[in-house]
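Engineer: Let me begin by handing over the structure; questions about it come next.
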Amino acid sequence: SAELRLVHMYPWNRFTDLKDAIGRFHSLGAANVVVGHGSEAVMQLIPMMLVEPGDEVIIPAVTYTRYAEVSKVMGARVLRAPMTGYDIDINAVSELMSERTRIVWIASPNNPTGRALTLAQVETMLAALPEKAVLVLDQAYQEYADESQSADGVELVRRGIDNLIVTRSFSKAYGLAGIRLGYALAHSEVCELLDRIKEPFNLNRLSAVAGPAALDDRDWLLDCVKANAQQRALLTKETSARGLRPVESQANFVLLDVGVDADDLFEAMMAAGVLVRPVSAFGYAEHIRVTVGTEAENRLFLQALDEVLPRVRGGLQRTEAQ
């Protein structure tokens, strides 16, 4: 409430208290932290720092679309590494690396598949990086992941690795999407360069104080992560029982192979008052991504699915018969 009375004033543009809080939370120093309006804002700085026209960046064939977009703005050529099923193929990523590579973008857990990389897999990619390249490990969903299955990139930053940038977000597990707060963790020299090119006041007063408050409330975070795991298991079990094929997820969503046109199902579900995400644009024509909600929300989704899916299947069968 004290900050609300000060919103007519610019914040202090170094955001020292916020960086200190994030650094302490991850057992790092404030010099290892860069903050911004969501992790996307920090990601936009990375190609500005590293890419010149004609340079190359590598992304998995199925991943968050912003990596390609922010790279293309700086004139990068975007190379897409084939997937192995729903998993990122680190060998395919490594085979695309060359002296023109400047950034390798990896989300773990990955969006929209929900799959994650192990620490050994991340270390393998780091070892394969060309001299002038950086691995950006986007871990917006890491809080939801099983640590035995998903590498915590922060551990590698603590080792002092200088060709790794880890991005994290307050928009997911912390429930602060509307505040727009994210950050990167990296070697102090990398963070210094990113801070030089960011806009001067790249956070607002409310987000600067919301971050430390959210980090302090660890019990709330643990409760949210526990609830997500329980409800993710519910969605996986119930959709499997309906003959669908959920992809094992380490995030707060589940990718579902529904066996019908995803766009048709999306339209029908939306008409029933439930919004899901078709992922046909990623090459999965019969898949939807479903965000894990409360039990009541998940039951509502399942009820709508039971009503809508037979109609979509019936429409498909009639079309095929014609």
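Engineer: When the accessible area of the chain is split by element with a 1.4 Å probe, what percent falls to carbon and sulfur?
Structural biologist: Roughly 50 percent, rounded to a whole number.
Engineer: Here's something else I'd like to know. If you line up the long axis of helix 119-128 against the longest principal axis of the chain, both from Cα atoms, how many degrees apart are they, to the nearest 10?
Structural biologist: Orientation of helix 119-128: about 60 degrees from the principal axis.
Engineer: Place +1 on the Cβ of every Lys and Arg and -1 on the Cβ of every Asp and Glu in the stretch 231-322, take the dipole about the Cα centre, and give the residue among 270, 287, 233 whose Cα lies farthest towards its positive end.
Structural biologist: Ranked along the dipole, the leading option is 233.
Engineer: Quick one: which residues, 5 or more positions from residue 250 or on another chain, have an amide H under 5 Å from its amide H? H modelled 1.01 Å from N in the peptide plane, none for Pro or chain starts.
Structural biologist: 115
Engineer: Against the longest alpha carbon principal axis of the chain, how many degrees, from 0 to 90 and to the nearest 10, is the axis of helix 16-25 turned?
Structural biologist: Orientation of helix 16-25: about 60 degrees from the principal axis.
Engineer: Continuing with this model, one more query. Can you tell me which of 224-232, 192-200 comes out highest on packing, and rank the rest after it, using the mean Cβ neighbours within 10 Å?
Structural biologist: Order by mean packing, descending: 224-232, 192-200.
Engineer: Enumerate the amide H contacts of residue 138 below 5 Å, restricted to partners 5 or more residues apart or on another chain; note that Pro and chain-start residues carry no placed amide H.
Structural biologist: Sorted by chain and number, the residues that satisfy this are 106, 107, 108, 167.
Engineer: I've got another one for you. Send over a whole-number figure in Å² for the accessible area per residue of the chain, probe 1.4 Å.
Structural biologist: It amounts to 47 Å² per residue over the chain.
Engineer: So if I place +1 on the C-beta of Lys and Arg and -1 on the C-beta of Asp and Glu, and nothing else carries charge, what would the dipole magnitude of the stretch 236-297 be about its Cα centre? I want it in debye, nearest 20.
Structural biologist: 160
Engineer: Could you state the orientation-averaged shadow area of the convex hull built on the Cα atoms of the stretch 210-322, in nm² to one decimal?
Structural biologist: For the Cα atoms of the stretch 210-322, the hull's average projected area reads 8.4 nm².
Engineer: Here is a further query. For the stretch 146-231, what is the charge dipole size about the Cα centre, in debye to the nearest 20, if Lys and Arg each add +1 at the Cβ and Asp and Glu each add -1 at the Cβ?
Structural biologist: 280
Engineer: Under the rule a/c < 1.5 gives rounded, and otherwise a/b versus b/c splits prolate from oblate, where does the stretch 201-268 land using the Cα gyration tensor?
Structural biologist: The shape class here is oblate.
Engineer: Further question on the same structure: Report the trypsin sites (Lys or Arg not before Pro) located in the stretch 72-167 that are in a DSSP loop and have at most 11 other Cβ atoms inside 10 Å of their Cβ, or state none.
Structural biologist: Answer by residue number: 159.
Engineer: Using only the Cα atoms of the chain, what do you get for the radius of gyration and for Dmax, in Å?
Structural biologist: 20.8, 67
Engineer: What Kirkwood hydrodynamic radius do you get for the stretch 65-131 when you take the inverse of the mean 1/r over all pairs of distinct Cα atoms, in Å?
Structural biologist: After inverting the mean inverse Cα-Cα distance, the result is 12.7 Å.
Engineer: Angle check, please: helix 38-50 long axis (alpha carbons) against the longest principal axis of the chain (alpha carbons), in degrees 0 to 90, nearest 10.
Structural biologist: In the chain, helix 38-50 runs at an angle near 60 degrees to the longest axis.
Engineer: Mind computing the radius of gyration and Dmax over the alpha-carbon atoms of the stretch 1-136? Å is fine for both.
Structural biologist: Calculated on Cα positions, Rg and Dmax stand at 17.4, 55 Å.
Engineer: Still on this structure, please answer the following. To the nearest 20 Debye, how big is the dipole of the chain about its Cα centre, given +1 on the beta carbon of each Lys and Arg and -1 on that of each Asp and Glu?
Structural biologist: 440
Engineer: Another question about this same structure. Separation of the stretch 247-297 and the stretch 23-78 by C-alpha centroid, Å?
Structural biologist: If we compute the Cα centre of each part, the gap is 27 Å.
The values are calculated or read from the model by the stated rules, or taken from the named source; none is laboratory data. All of these numbers come straight from a predicted model, not from anything done at the bench. All Cβ positions, glycine included, derive from the backbone under ideal geometry; neighbour counts span all protein chains shown. These accessible areas exclude ligands, DNA and RNA; they are computed on the full protein's heavy atoms, side chains included. Shrake-Rupley method; radii C 1.70, N 1.55, O 1.52, S 1.80 Å.
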